[in-house]
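Asker: Take a look at the following structure, please.
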């Protein structure tokens, strides 16, 4: 990655002042992402404050109203569905479960992956071989299908979803953490720690883990986005979150039969989900370049 | 699998740590784990040795897949509960268990299931009233057809775009295509399919919305897959090209007076070609990990994904089990072929 950064700096041509202003604005453009994500988090924390209407309020006179139309209940920014429920309010309320499932599943996946990665990176030999074999077997499995199988067996629920989704992400954490641990293990401060009599456990938790942490955090940002997409996919297929709970993926599924008459019911929740994942991706990329430039 | 998946792992880009793992002998994708490195050495002597070793690894993985699937369906869940009505008493459940042979010891049941698989018997579908494997094999060609067309489109856009963008990092073309590809990675794939249906089938009326009737019904699902996976291929090919362009020999070639195009086609493309082919291969395997199946459902494409969703709604485990195992076997075989092809090309390049 370092190469890309170097090119970024050398490739700039002597700019005019107008150019410079545009460039300055463009440079700060990424700040839109954390702001957007903050809004989404606020929606998730206090949906009642941000949703203009109650997402369970049925309004039979204003069914399938197109976006931006004003009715006596207020302006429907994102239109209404076949029961007259305000889509924007439903999306605001859907943020909570969407975020909760994604963050919880990513955290669990990260924990498993980090433990596996640290162990197999620090103790090479049979531990490493066994754990890496497991990771490989897991990658060979069509996990999305396994998730469908599991969810349809155990009965789809939020809890099961949070247990099943980490299986999609832990191998990635495992592999990245292992590669980083292998590098860190060779450094002289680890040698010093071992020499001064630190227990293996202390070496791993106090010295290896903090040095691997930046990579884990960057990866967590990206993977949260991926888990969000996976949850949306499973919910869309009917084996994820079940009504009356709502996530954005479920809203897309609800709108699908009405695609020909009310496009906004399908398209707008997807735009929201896509923008959120896009922001996570851009942000993680930014952290990654920073980490690359520093290290 | 080897360490080959490391490239794919850090989604979207070849990162520095991966580049550091590269040894001069094994190319950028191969030897990032000690096991892969050791095996690369051990198998170096004979072609048959490599094939056997990889086949053995594949077989072990397949057995692991079968074990995991069986344990998940029989220990984590209880198939009898699925057949039983919601208010069934314990006695009724016990009767169902007895009827399906579920009251026998676990190992005995696993042995039967495992032996059955070798005879091609995956159990009978209670939804379709026929062997589960028949339903799965009937759906398999449609999935293979769609996924191959999808990966062809993805490889075309991803590689052409990635090379052009990577050849001039931070140019306008690079910035625009880079943003587009991140966008393609960020949207839910099934939603993208619905968007394409809305635009090209509902509004413009150019193409059918769904199904598999007529040659043009494959265009939209394949295009959806091509966009989603093309985005990732683009990212990987772009970083590989950027990295290659910064190597000293490129500067030498330029200083000798070669044009940019000559440098690109004569030197850079030849050196990144192998990596690029592998990236496309891994992306194909990845497609089988998820996206292809959700897309099938959106377009009512009669493949394994659609079959699985329908089976899931009818609680038909035998079809679900058979579908996952067949898809797993397909992934393992694809992995094997990609790995061997990579080695074959690598050998020729090394010998030249």
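Taken together, the values in this text are just the output of simple stated rules run on the coordinates, not laboratory data. Quick caveat, the model's predicted, so the values are computed rather than measured. All Cβ positions, even for glycine, are placed from backbone atoms using ideal geometry, and neighbour counts span all protein chains on display.
Asker: Which FRET efficiency value, to the nearest 0.05, is calculated for residue B:345 and residue A:261 with the Förster distance at 51 angstrom and r the Cβ-Cβ distance?
Answerer: The formula returns an efficiency of 0.45 here.
Asker: What's the FRET efficiency of residue A:157 with residue B:265 using the Cβ-Cβ distance as r and R₀ = 51 Å, to the nearest 0.05?
Answerer: Given R0 = 51 Å and the Cβ-Cβ separation, E is 0.40.
Asker: Would you calculate, for chain A, the mean residue ellipticity at 222 nm contributed by helices, counting each DSSP H stretch of 4 or more residues as -39,500 (n - 2.57) and dividing by all residues, to the nearest 500?
Answerer: Working: 13 runs with 204 residues, N = 295.
That comes out to -23000 deg cm²/dmol.
Asker: Shielding of A:123-132 by partners, i.e. mean partner chain Cβ atoms within 10 Å per residue?
Answerer: 2
Asker: While we're on this one: I need the calculated FRET efficiency for the pair residue A:115 and residue A:56, taking r as the beta carbon distance and R₀ as 60 Å, to the nearest 0.05.
Answerer: Efficiency computed from Cβ-Cβ geometry: 0.90.
Asker: Right, next: By per-residue mean of other Cβ atoms within 10 Å, what is the highest-first order of A:45-52, A:138-145?
Answerer: Result, highest mean Cβ count within 10 Å first: A:138-145, A:45-52.
Asker: Which of A:125, A:94, A:84 moves the most in a Gaussian network model of chain A with Cα springs under 10 Å?
Answerer: Highest fluctuation of the listed residues: A:125.
Asker: Now for a separate question. Tell me, how many Å apart are the Cα centres for the range A:192-206 and for the range A:150-186?
Answerer: Their Cα centres are 27 Å away from one another.
Asker: At a threshold of 8 angstrom on Cα-Cα distance, excluding pairs fewer than six apart, so keeping six or more, what relative contact order does the range B:133-351 reach in percent?
Answerer: Numbers: 254 pairs, mean separation 67.6, N = 219.
It rounds to 31 percent for the range B:133-351.
Asker: Moving on. If the elastic network links every pair of Cα atoms under 10 Å, which of A:270, A:233, A:74 fluctuates the most in the Gaussian network model of chain A?
Answerer: Highest fluctuation among the options: A:74.
Asker: Another one. Taking each residue of A:251-259 in turn, how many C-beta atoms of other protein chains fall within 10 Å of its C-beta, and what is the average?
Answerer: Whole-number average of other-chain Cβ neighbours for A:251-259 is 2.
Asker: Another question about this same structure. For chain A, with a Gaussian network of springs between Cα atoms less than 10 Å apart, report the residue from A:226, A:76, A:207 with the top mean-square fluctuation.
Answerer: Result for chain A, Cα springs under 10 Å: A:207 fluctuates most.
Asker: Rounded if a/c is under 1.5, else prolate if a/b is larger than b/c, else oblate: which is the range B:140-194, with a ≥ b ≥ c the root eigenvalues of its Cα gyration tensor?
Answerer: Values: a/c = 4.86, a/b = 1.75, b/c = 2.77.
Verdict is oblate for the range B:140-194.
Asker: Using Cβ counts within 10 Å as a stand-in for footprinting exposure, how do B:247, A:27 rank, fewest first?
Answerer: The most exposed by this proxy come first: A:27, B:247.
Asker: Based on the mean of other Cβ atoms within 10 Å per residue, sort peptides A:244-250, A:255-261 so the most packed one is first.
Answerer: A:244-250, A:255-261
Asker: Could you list B:298, A:103 in order of exposure, starting from the residue whose Cβ has the fewest other Cβ atoms within 10 Å?
Answerer: Listed from fewest to most nearby Cβ atoms, that is A:103, B:298.
Asker: With the crude spin-label approximation of a point 7 Å out along Cα→Cβ, what separation in nm comes out for residue B:148 versus residue B:300?
Answerer: Roughly 2.6 nm, to one decimal.
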